[in-house]
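For reference, the structure is listed below as structure tokens.
The values are calculated or read from the model by the stated rules, or taken from the named source; none is laboratory data. What you see is a predicted model; the values in this text were computed from it and never measured. Reconstructed Cβ throughout: ideal geometry from the backbone, glycine too, with neighbour counts over all protein chains shown. Accessible surface is based on the protein model in full, side chains and every heavy atom, while ligands, DNA and RNA are left aside. Shrake-Rupley method; radii C 1.70, N 1.55, O 1.52, S 1.80 Å.
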Amino acid sequence: YAFVDTVNGVTVNVSQQHLPGKFKQDLSNKMLEMARAYNANTKLEADDDVRIYVGTSAKGPQSVLFTKNGVLVLMKSWATIPDAEWITYVNSFE
């Protein structure tokens, strides 16, 4: 499932899917591997121990990934969004 949203006035492309089977057995390491592949080296903490991985390009757009409630979420922003806004946005996911 994919959609476009805005966070703090910035357009964000959001893609979400059920957590792949490989991830269920070793979620922490699989997410870390994926974060490295996206150069998402900043780690944030949201509610319910949700880890958010954020990568920021030199020109500002960001790649963000996290899992919540058995769903893998990948996001791409068109510009830099402050960490606190990412946390608020991720907390809003059901």
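Taking other residues whose beta carbon is less than 12 angstrom from the beta carbon of residue 28, and scoring Lys, Arg as +1 and Asp, Glu as -1, yields +1. Calculated accessible area for the stretch 1-90 comes out at 59 Å² per residue, all protein chains present (probe 1.4 Å; ligands, DNA, RNA ignored).
If you take all other residues with their beta carbon under 11 Å from the beta carbon of residue 51, and give Lys and Arg +1 and Asp and Glu -1, the sum is -1. The relative contact order of the stretch 19-94, computed from alpha carbon pairs under 8 Å that lie at least 6 residues apart in sequence, is 23 percent.
Here the label points at residue 78 and residue 33, each 7 Å from Cα along the C-beta direction, are separated by 3.4 nm in the simple model.
Between residue 1 and residue 92, the C-beta separation translates, for a Förster distance of 22 Å, into a calculated FRET efficiency of about 0.85. For residue 16, the shell of other residues with beta-carbons less than 15 Å away shows a net charge of 0, using +1 for Lys and Arg and -1 for Asp and Glu.
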